[in-house]
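Worksheet: the structure to be examined is printed underneath.
Every number here is computed from the coordinates shown, using simple stated rules; none is lab data. The structure presented is a predicted model; accordingly, all values stated were derived computationally and were not measured. Virtual Cβ from ideal backbone geometry, glycine too; neighbours counted across all protein chains shown.
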């Protein structure tokens, strides 16, 4: 017989603690799964926190509101503009999907207080994100994002703030609209020597927009500058990004490689979802690592522009930049992962080029933000000016600096308990690691161990995805891969107490 027990008349259980705010800024803004933590209600809270922050510094602030090509991007942007207007911040709403570098240029051109940009950059389709750019056009520094997070946490704890937030189709309010393309394309014309690309024998180009914001910008720049006979693929909007995400990885650019070969092009160019990262494929359809592109462009800009200045790189980026700097009698500034640190050196006019291994760069006199469109165009210019294919240029650079550099990044998707134990073991001091003597230990961001022969390994948690990244670099691809595999085995052994 089943006995039913009545519920007590009074609930004496302790109330559940209030859920923590999901609004946390990583290396490049706040990202989350659409309809899970990245919701219209949470977007309103994040935007309200940003509004409070800018109002604490300026009583009549103006913010640009931009978005990429993802699902619900326009609706998130309109929600943000509505929230800003209701809180006394003047919103300028972009006319269409806008690249992150174009947003940065517009902030600086208009001298406004910053921008809210709805993008999850290279992340898969189920993600969305919010980037807040500062008044200098660059990513906000940690002290600013901490202030915004604190304000968002307080707003999140107030039930009254959690009202329905989907933008009504009947809301006919008109926001001031801004077209970012004309001024940004004009700036590119000042930075890129398009004349070299118009000369007879200039490289034939295939551009892959990966269904992102670069469509209508990079291809339009080539068209407006009279660069004839170029091909563009994946320029149409696809909120699922063909199921793979708009990342400029080797795997994602196989279609670009096929098109380069089919069209007998000399170069394949690609930009990620918000066009702040670049991807390069050579005439044989081979993917060229961003680390190698950084070294080549640094050398080329010193040679072609006469800018004999330092370079900057993140701790995870190839030491090829260091070798090029040394060859020119310069040095490299190392930063934690995150372009915001490199951007400060751009603003100080202290470097020719700043870059990170995840395919981000900017140059002297430009924005303190990654610009994948500019990077692609500079690579095309370099091929035209040097009249040599990329693989040949890279081999020549290796000969000039006296050795080869083959960086590799491996992503480890770890169970939480494995990650926790491995991170704890990384706090140890190492005189030897993986059977190699450690010549130098660097804790700028994660644990980086540099060995006697100049090879190195870096282990750090990602700031944008739930995984641990393993970076290795050695004089051959095989040795870099061997180091990565040994590191993977060490992580799991460390978690097991080995």
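Working value for the stretch 17-144: equivalent-ellipsoid semi-axes of 21, 17, 14 Å, each the square root of 5 times a Cα gyration tensor eigenvalue, largest first.
When both bridge partners sit in the stretch 203-401, DSSP labels roughly 40% of those beta bridges antiparallel. Descending by average beta-carbon neighbour count within 10 Å, the peptides 247-260, 191-204 line up as 247-260, 191-204, the highest first.
Legend: translational diffusion of the stretch 286-372 by Stokes-Einstein, Rh = Kirkwood radius over C-alpha pairs, 4 °C, 1.567 mPa s; D = 105 µm²/s.
Label point 7 Å out from residue 71 along Cα-to-Cβ: which residues of the stretch 189-226 have amide N under 20 Å? Under 20 Å, as judged by backbone N against the label point of residue 71, lie 210-213 of the stretch 189-226.
Please compute the contact order of the stretch 406-495 in relative form: average sequence separation of alpha-carbon pairs under 8 Å and at least six residues apart, divided by the residue count, as a percent. Reported relative contact order: 37 percent.
Please sort 376-385, 449-458 by packing, taking for each peptide the average over its residues of neighbouring beta carbons within 10 angstrom, highest first.
Top to bottom by mean Cβ count within 10 Å: 376-385, 449-458.
Each principal axis of the Cα atoms in the stretch 56-123 has its own extent, and those three values, largest first, are 35, 25, 20 angstrom. The order of 413, 292, 128, 263, going from fewest to most other C-beta atoms within 10 Å of their C-beta, is 413, 263, 292, 128.
Beta bridges from DSSP with both residues in the chain: antiparallel share about 60 percent, rounded to the nearest 5.
Quick one: 89, 239, fewest Cβ neighbours within 10 Å first, how do they rank?
239, 89
A simple spin-label model places pseudo-atoms 7 Å from Cα toward Cβ; at residue 432 and residue 141 they are separated by 4.3 nm.
With Cα atoms defining each centre, the stretch 473-496 and the stretch 261-302 are spaced 27 Å apart in the structure. Dividing the summed helix terms, -39500 (n - 2.57) for each DSSP H run of n ≥ 4, by the number of residues in the chain produces a 222 nm estimate of -11000 deg cm²/dmol to the nearest 500. Counting neighbouring Cβ atoms within 10 Å and putting the fewest first, the residues 213, 94 line up as 94, 213.
Computed across the stretch 203-401, the Kirkwood radius stands at 16.7 Å (inverse of mean 1/r, all Cα pairs). On full extension, the segment bounded by residue 240 and residue 190 gains 14.5 nm, given 0.36 nm per residue less the C-alpha separation. The label-point distance for residue 331 and residue 24, in a model that sets each label 7 Å from Cα toward Cβ, rounds to 3.6 nm.
For the stretch 406-495, report the convex hull volume of the alpha-carbon atoms normalised per residue, in Å³, without decimals.
87 Å³
When Rg and the Kirkwood Rh are both derived from Cα coordinates, the Rg/Rh ratio for the stretch 341-498 amounts to 1.02. In percent, what relative contact order does the chain have, based on Cα pairs under 8 Å that are 6 or more apart in sequence? It comes to 12 percent, rounded to a whole number. How high is the relative contact order of the stretch 203-401, in percent, with contacts defined as C-alpha pairs under 8 Å that are six or more residues apart? Rounded, it is 20 percent for the stretch 203-401. Sorting 362-368, 415-421 by average packing, meaning the other beta carbons within 10 Å per residue, from highest down gives 362-368, 415-421.
If I stretch the segment between residue 149 and residue 176 completely, what's the gain in nm (0.36 nm per residue apart, minus their alpha carbon distance), one decimal?
Contour length minus the Cα-Cα distance gives 6.9 nm.
Put a dot 7 Å past the Cα of residue 261, heading toward its Cβ, do the same for residue 413, and the two dots end up 2.8 nm apart.
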